[in-house]
Structures are given as structure tokens and as C-alpha cells.
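The block underneath contains the structure these notes are about, expressed in C-alpha cells.
Just so you know, all these numbers are worked out from the coordinates, no wet-lab data involved. Since we're looking at a predicted model, the values are computed, not measured. Every residue, glycine as well, gets a Cβ built from its backbone with ideal geometry; the counts of neighbours run over all protein chains shown.
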Amino acid sequence: MPTCFITGITGQDGAYLAQLMLQKNYRVVGMMRRSSSSDIVGERLRWLGILDQVELVDGNLIDLASLIRLVETIKPDEVYNLAAQSFVAASWHQPLLTGQVTALGAANLLEAVRIARPEARFYQASSSEMYGLIQQPRQNEQTPFYPRSPYAIAKLYAHWMTVNYRESFGMHASSGILFNHESPLRGIEFVTRRVTDGVARIKLGLARELSLGNLDAKRDWGHARDYVRAMWLMLQQEKPGDYVVATGRTTTIRDLCRIAFGHAGLDYEQYVVSRPELRRPAEVDVLLGDAGKALAALGWQPTIRLEEMIAEMVEADLARHRARQRAQLQT
Ligand code: NDP
Ligand code: GDP
């Protein structure tokens, strides 16, 4: 039975990747950072019904010793580095922490693998945010980067370290340049979840409006369930490499609102307010990926359309709020 080691297993992608790896009969070991709320950090794994099927171990990306010890004892065949300070907006408030975790954390894990398990295959969670101020209308593996936030700059460092460890030490290290991907397990601070959660609250009479920032930004949104499949495929290739993973369709936040409110039978224009204070210091106006290489080399393509995904997210948020309402009535 092959073993995979996943950092960031308590996050959105970590949970879906763990589920995929269990289906593929891997032993799944996930790293959790120590928390005083350890009873709830496994919530996403519980939501997927797999919490008791994965092994959770304590560690932190900024503690190299913990990583070496874990890689030494777990002896993984595949290592997926999904842990990060992953929220762009927060990266202006905590730029140094973002650098320590998202940039140097990846270097720490690469070092741990190089020292303790150099034959393991390595995946780095790179991001379309690295394209930032886009240099080409559709971004692929050859498009120059122009990061626009401390988060994107940290990801760019981690990306180049992955390429460098591949070229310097012959490690099987691959980097997935993933465009935005969402799901009912997406963090509540990201715009898709803010919108689907807002729709659910408004529909159930718990809120009257939804405040957002820039409604004109465009993103290429896919479903996390599709995107974790691409991660696994990258590590099954004979040679490591870099791959863009995207849908090839871009949509404004405004149209996202139209779709999400429309699913609940509501008109977004009556509820959504754009507030200047929620805009970012520097914006990534538009992202649109070209995943041609992933299709040709991995046979990967997305299977879930934006409308389907948003419907799933709105329904999940409605169910969550209804369950909370029922629980409150019982107490
Ligand atoms: P999440 O924010 O949902 O998950 C991040 C994970 O990292 C959580 O498990 C978190 O733990 C963990 N983490 C944070 N800091 C540390 C640390 N110091 N040590 C160990 N673990 C830590 O992100 P996603 O699942 O959405 O994304 C996965 C990866 O892919 C991230 O690296 C993200 O930046 C990247 N990415 C995501 C995209 C997307 O659209 N989702 C697009 C492109 C890249 P805890 O639960 O304790 O907070
Ligand atoms: P990102 O692409 O990783 O930054 O993902 P987000 O979901 O955080 O943001 C996507 C886009 O939505 C960015 O252009 C944001 O400026 C825009 N946006 C507009 N309003 C909001 C909001 O209220 N929250 C978030 N997170 N983003 C917003």
C-alpha cells in the first residue's frame, strides 16, 4: 500500500485529496498544526466522512525539525504540500507570516524530503495568483509571472524552489499552477463562499444584504474535487513538471452573484452592496487559464461546471444554516 503525506489536510484541498487517495487505496497521513480547537479542525474531513480513515500527525511548516522527523518516520511515497497562509487579503495584514509559511515553509518541506526521503515524489500547490497583472490574455506554463500581493510573491518563491530542487537534486518535484477552485468546503472568507453563504442567510431571513468588494474582477473558477485529481495525476508521471490547471472560462464576481442568487430564486441586485473599503490595495483584475498541457500530458479536464458547483455550494450553505436554526430551537 503506497503512503502519501499531505500538509494542509484540514483545508479544502487537503480534505478532497485525502478522500481521493483513500479511494485509490493509499495510506493517508496528514499534518495538522497544533491548535487549542483540535476537536473542530478536522471538520472538513468529518464532513466528507473520512476523519477516522486518515492518520493525523502534529507538525508545522515553519518548524523544519518537525518536518524532518515526520518524513523520516512516515516514509511517504508521495508528499503533497498544500499547507499555506492561503488568503490573499490577509497577506497584506501579515506579510511576514505569509512569507514564513507559504514561501519558507515550502522550502522547509523540500529540505526535509531531500534529507530524509529524496526518492519521494513532491507536489507544490502553486497558484494562478502568481500571474497577477497578467502578461498574456490566457495564462499557461510559459506566461511570465507578475505577482500582486505578498501571498503571490510567497507562492512564487515556493514555485521556483520546487523547480530548483527538481533541477538541482533530480527530485521528482512538480508544481501545479492551479486557478481558483471552490466547493462547499471552501473557506468562508473567499468570495464564492461569502456569496453562497450570503444567499443562504438572505433566503432564510437571517440577513438583508451582502457586502462585497470589487464586483468587476474576473476569475477562472473550477471545482476542488476536479483539481485534486490533477495533483495526483502529476505525481503519477514518469517525469516531474509544471502544469496549469484551469477551466478556460472566466466570470466576474457580479455574474457569480447573479448565478448564486438566481439559484435561490433571488435577484442579486436587490441585495449585493459593493463597499470601497473591501477592495484590495492591489487587485488581480482577471485570470483565465489555458490547461492544454494538463489535457495533453495528463488527460485531465474539468468535469463540473460553474453553475453546478455554485448550486451545490448554495444548497450546502442552506443546509448548514437550517441545521443551526434547528439546533437553536432545541436549546
Ligand atoms: P486552505 O486555506 O483551505 O488550507 C490551508 C491549510 O494549510 C490548512 O489545513 C491550514 O491549517 C494549513 N496551514 C496553515 N498554516 C500552516 C502551518 N504553519 N503549518 C502547517 N499547516 C498550516 O487552502 P486550500 O485547501 O484552498 O488550498 C490548498 C493549497 O493550494 C494552499 O497552499 C493554497 O494557497 C493553494 N491554492 C489554492 C487555490 C484555491 O483556489 N483553493 C488556488 C491555487 C493555490 P488550519 O486548518 O489549521 O488552518
Ligand atoms: P483570490 O483570487 O485567491 O484572491 O480569491 P478570493 O475569492 O479571495 O477573491 C477573488 C476576487 O474576488 C478578488 O478579485 C477579490 O477582490 C474579489 N472580491 C470582491 N469582494 C470580495 C469579498 O468580499 N471577499 C473576497 N475574498 N474577495 C472579494
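Could you list, in sequence order, all residues of region 278-306 that are within 14 Å of ligand 2 (Cβ to nearest atom), under 14 Å from Arg138 (Cβ atoms) and of a type in the set (A, V, I, L, M)?
Correct list: Val286, Leu287, Leu288.
Hey, any hits in region 129-152 for a residue that's of a type outside the set (Val, Ile, Thr), more than 13 Å from ligand 1 (Cβ to nearest atom) and crowded, with 24+ Cβ neighbours inside 10 Å?
no
State the number of residues belonging to region 49-71 that are assigned to a helix (DSSP H, G or I) and either in contact with a helix residue (DSSP H, G or I) (Cβ under 7 Å, 6 or more places away or on another chain) or surrounded by fewer than 16 Cβ atoms within 10 Å (Cβ to Cβ) (or both).
9
Could you tell me which numbered condition Asp63 fails, if it satisfies all but one of (1) within 12 Å of ligand 1 (Cβ to nearest atom); (2) within 26 Å of Lys24 (Cα to Cα); (3) among the acidic types (Asp, Glu)?
(2)
Which of the numbered conditions does Arg186 fail, given that it passes all the others? Conditions: (1) buried (at least 20 other Cβ atoms within 10 Å of the Cβ); (2) in contact with a strand residue (DSSP E or B) (Cβ under 8 Å, 6 or more places away or on another chain).
(2)
Quick check on my filter: what residues within region 127-172 are within 19 Å of Pro95 (Cβ to Cβ) and in a strand (DSSP E or B)? Don't jump to the end; show me each part of the working.
From region 127-172, those within 19 Å of Pro95 (Cβ to Cβ) are 127, 129-130, 132-133, 145-161; that's our starting set.
Matches in region 127-172: Ser127 only.
So which residues in region 250-277 are exposed (fewer than 14 other Cβ atoms within 10 Å of the Cβ) and outside any loop (DSSP other than H, G, I, E, B), if there are any at all?
Within region 250-277, Glu269, Gln270, Val273, Pro276, Glu277 qualify.
Suppose we filter region 208-230 for residues that are in a loop (DSSP other than H, G, I, E, B) and within 14 Å of ligand 2 (Cβ to nearest atom); how many remain?
8
Could you tell me which residue of region 72-94 is nearest to ligand 2 (Cβ to nearest atom), considering only residues that are crowded, with 22+ Cβ neighbours inside 10 Å and part of a strand (DSSP E or B)?
If we take residues in region 72-94 being crowded, with 22+ Cβ neighbours inside 10 Å and part of a strand (DSSP E or B), then Asn81 is nearest to ligand 2 (Cβ to nearest atom).
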